[in-house]
Each structure stands twice: as C-alpha cells, then as structure tokens.
Amino acid sequence: MQFDYTDKVQAMRQRLLDFMDEHVYPNESRFFAEIAENRANGNAWIPTKIVEELKPKAKAAGLWNLFLPHSKRAPEGLSNLEYAPLCEIMGRVPFAAEVFNCSAPDTGNMETLERYASEDVKDTWLEPLLRGEIRSAFLMTEPEVASSDATNIECRIERDGDHYVLNGRKWWSSGAGDPRCAVYIVMGKTDPTAGRHQQQSMIVVPSNAPGIKVIRPLTVFGYDDAPHGHMEVTLTNVRVPVGNLLLGEGRGFEIAQGRLGPGRIHHCMRTIGAAERALELMCKRLNTRVAFGKPVSAQSVWHERIADARCMIEQARLLTLKAAYMMDTVGNKVAKAEIAMIKVVAPNMALQIIDWAIQAHGGAGVSDDFPLAYAYANQRTLRLADGPDEVHRVAVAKLELAKHMVVPTEVDMPVTRGS
C-alpha cells in the first residue's frame, strides 16, 4: 500500500492550505458572530454571508466537489485516498467543508443519488446539490426505537397507485433546519413481512411536500448548530411519486451500506483535522503560559500528553488511509472491517486530545473564546452518528472470530449409538 501523495494531490493540498490561511481562519470569528447576530435578531436559521461569499472563491480555486469519485457530473472528484488529506484540512474548522461543497450530510446524499437514483431524479436533485444551490438531509434515526439496529425503523412507505405514502417520525435529521434544505432521503419500511433486511427502502422526498413538519431543533451540549441544525421531523401522509424510490423496494440496507461507508470515513478524515488543530492550540497555549515559576510546557505531564497525542493522531491517520485505499481498490464491502475500526478509533482519539487541549487552556478551554468546546461537542456526536461504537465493535469482533472458526471434520463428529 502506497500512501504517498501524488503530485496532483500535493498541489491541491497546498492550494487548500493557502485558501484556509487566506479566507477561512481569518473569518472563523465572523462566522460565529453572524450566527450570534441572527440569533439576537430572532432567527438563527439564516445562512451565513461569509460562507456564501467564500463558495465562489473555492470554485474558482478548483476546490469544489472533491469528495465524489467516478462521476461524470463531478469530474473534479477524487478517490478516497486522494481526498483524505484534503478532507482532513477541512476538518480543522467546523464550517470549512461547506465552503468547498464537501459537508455532511450533502456528501453522503450526493453519493447516494449518484449511485442509486434514476437520471430524472439526478437531474432534479443531484445537479443543484453539486452546484451548491440547495442543501439536503438524511432521515433515518427515530426517537421511538433503538435506531442503532436499523431493522427497528417504524416509518412506513406504502404504495398507493403511482405514489408512495410516508408516515413516521424522525430525529437527528442533520441539515433539515437549513432554509436551503430542499430534499430529504428517507429510510422506512415498505414491507414489514419481508426478511429482516429486506423490509426497508429509501426514497427521495422534497422537503416542502405537504405533510412534512419540522418539530424542533435538537441541541448537542447546548449547541443547536444553526443554521444547519439537527431536527425532529414528522411525516404525515406525505405523497411521493413512485419514481423517487431508490433502486427498488427492500433495498434500503444495501443503499445504507453504500452510503454510510464513504460518510463514515469522511467523518474520520475531518476528525483527524480537528485533533491536529487541538494539538496545535494546546502546544501554543502551553508555550505562552507560566505557572509555578516556569512555562507550563516545561511540566513533564504535558510532555507525556503531547507525545501521546502525536502517536494517536498518526495511528488514526494510517488506519484512515488504509481504509480509504481498500475502499478504492477492493470496495466498501471488503473494507468493512477497516471502516468500522476507524469509525471507533478516530472520534475517541480526537475526544481525548481535545480534552487535553481544553485542560491546557484552563477555564478558557470550556468557553466559546476558543473552538475547543464546540469541537468536543461535534466529536462526541460521532461516537453515535452513522452507528454507535458498540455496533462497530461487534462487527469487527464477528469478523475476527470468523477468521478462527473451527469447522468440524468427520473425525470430530460425535458418534451416536443406535437404539
């Protein structure tokens, strides 16, 4: 496995670093100030001007839709391995990925539409998403059931002539609070009597369809993530044309595996960027603070934490690159163990490093004067989003046990005595 960056990726990486230095970092405080101003004026759910101003600059710099490989509609898309170092850089600032049209859940939804939607649906929804004209949401998790087991999903998708009718309640529907959110991809049951993994389907639903109601935003440690938001949504007799169903009835799990593989690893790529930023802030803080007569950076406890942080980041990065390489070469299904492992490793790694960085900043670390508290809240959700740690650990354990399964031979078979 070769993880060296190609000349093409090296050049794009430098261009992205320059863009971040010139346009993103200097506007980080402006982004949050705009949201605060909108909130003070009574409506936090307004897209920020700064992000909209930076999007044309990102397009002009050739840093647009980099996440989507093998698509005629997005020829600038990179392979997973090529995209990894760029996505990592975007992860250093919470809003950066949107500037480059590379933010969740749009990336996963666009990949889903590219792989599984009809050409008509692609023309209607994928094209404006790729142009950054609209945003989207993914409606899978439900409040009434343990959604870590997706077979529990109760939302119904029932055929009625040329339409499907949807009824259900969803939550943690990321992006549904954004006024630009024009389309949902919804997972629900089309046939509760089918096999356990053939009951579910996915369908494309306009967000303004009659019967849809956004109930409320959900907060993460007090953050509502406006103007993006994680919303609770009800669907009551929502009618959608039959042609909006993806692939066919009973293929929701198949689509979910295709969608969640790239989505999971993109989260992990961004997570490494967040951890790098936290380590950088921690070192800067330690070098500029004095306690008990000497720089805090001279205290040996911080040497141990800094060294551990660097080791943890490098380990996580290598596993991310291995998973990306396998996804590119042997496919998501074969790479499922690596994807599951990095989905456990990366958020836990980042949480520990961000926690150390918060500790290094003292009281300032838990305030909004620094990006660490918000980064911690974001990373903590990733131990739940796209499958909780426990589910991924079970998947890895089963694959590991299967490697060492003892297959009984004829000699091993028990002898039974006849009557």
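Given the DSSP H assignment, sum -39500 (n - 2.57) over each helix run of at least 4 residues in the chain and divide by its residue total; what's the result at 222 nm in deg cm²/dmol, nearest 500?
On the way: 12 runs with 185 residues, N = 419.
Value at 222 nm, helices only: -14500 deg cm²/dmol.
What ranking do 142-151, 358-367, 180-189 get when scored by the average of other Cβ atoms within 10 Å per residue, highest first?
Working: 142-151: 14.8, 358-367: 16.6, 180-189: 23.5.
Per-residue Cβ counts within 10 Å, averaged per peptide and sorted highest first, yield 180-189, 358-367, 142-151.
Quick one: among Pro85, Pro210, Pro371, which has the greatest mean-square fluctuation in a GNM of the chain with alpha-carbon springs under 10 angstrom?
Comparing Pro85, Pro210, Pro371 in a Gaussian network model of the chain, the most mobile one is Pro210.
Lysines near Lys294 by alpha-carbon distance under 22 Å, same-chain residues fewer than 8 away left out - which ones?
Lys284
Below 20 Å, Cα to Cα, which aspartates and glutamates can Lys213 reach? Residues fewer than 8 away in the same chain don't count.
Glu142, Glu144, Glu154, Glu158, Asp178, Asp224, Asp225, Glu232
How far apart, in nm, are the 7 Å Cα→Cβ label points at Thr234 and Arg380?
2.9
Could you go through the range 251-268 in sequence order and give the Karplus-derived ³J(HN,Hα) for each residue, using 6.51 cos²θ - 1.76 cosθ + 1.60 with θ = phi - 60°, rounded to whole Hz, and x for Gly and Pro?
Each residue of the range 251-268 in turn: 10, x, 5, 4, 5, 4, 5, x, 7, 6, x, x, x, 5, 6, 4, 4, 5 Hz.
Taking only the Cα atoms of the range 1-126, how large is their convex hull per residue, in Å³?
Values: hull volume 15.0 nm³, N = 126.
Cα-based convex hull of the range 1-126, divided per residue, equals 119 Å³.
Looking at the square roots a ≥ b ≥ c of the eigenvalues of the Cα gyration tensor of the chain, which shape do they give, rounded for a/c under 1.5, prolate if a/b is larger than b/c, or oblate?
On the way: a/c = 1.67, a/b = 1.19, b/c = 1.41.
Here the chain falls in the oblate category.
Subtracting the Cα-Cα distance from 0.36 nm times the residue separation, let me have the gained length for Ala307 to Val145 in nm, one decimal. All intermediate terms of the calculation are to be shown ahead of the outcome.
Details: separation 162, 0.36 × 162 = 58.32 nm, distance 4.20 nm.
Gain in length upon complete extension: 54.1 nm.
Please find, in a Gaussian network model of the chain (springs between Cα atoms separated by less than 10 Å), the residue of Pro56, Pro128, Pro26 whose mean-square fluctuation is greatest.
So, out of Pro56, Pro128, Pro26, the one fluctuating most is Pro26.
Pull up all non-local amide H partners of Leu246: gap of 5 or more, or a different chain, and H-to-H distance under 5 Å with H placed in the peptide plane.
Residues meeting the criterion, in which the H sits 1.01 Å from N, are Met202, Ile203, Val204.
Cα-Cα over 18 Å: which of Lys59/Lys343; Lys322/Lys403; Lys343/Lys398; Lys343/Lys403?
Details: Lys59/Lys343 30 Å; Lys322/Lys403 20 Å; Lys343/Lys398 16 Å; Lys343/Lys403 21 Å.
Where the Cα-Cα span goes over 18 Å, the pairs concerned are Lys59/Lys343; Lys322/Lys403; Lys343/Lys403.
Give the calculated FRET efficiency between Arg159 and Lys49 to the nearest 0.05, with a Förster radius of 45 Å applied to their Cβ-Cβ distance. Before the final figure, lay out the partial values.
Values: r = 44 Å, r/R0 = 0.98.
The formula returns an efficiency of 0.55 here.
Considering just Cα atoms, how many Å³ per residue does the convex hull of the range 135-249 enclose?
On the way: hull volume 10.9 nm³, N = 115.
That works out to 95 Å³ per residue.
Using the basic label-point model (7 angstrom from Cα toward the beta carbon), what is the Asp369 to Ser118 distance in nanometres?
Here the answer is 5.8 nm between the modelled labels.
In whole angstrom, note down how far apart the Cα centers of the range 323-349 and the range 257-302 are.
22
Show me the chymotrypsin sites (Phe, Trp or Tyr not before Pro) within the range 272-358 that DSSP assigns to loop and that have at most 16 other Cβ atoms within 10 Å of their Cβ. Intermediate results must be reported in sequence, preceding the final value.
On the way: sites: Phe292, Trp302, Tyr325, Trp356; in loops: Phe292.
In loop regions of the range 272-358 (DSSP not H, G, I, E or B), the sparsely surrounded chymotrypsin sites (Phe, Trp or Tyr not before Pro) are Phe292.
Computed from the coordinates by the stated procedures, all read-outs in this text should not be read as laboratory data. Everything numeric here is computed off the predicted structure, so don't read it as measured data. Note: ideal-geometry Cβ built from the backbone for every residue, glycine included; neighbour counts use all protein chains shown.
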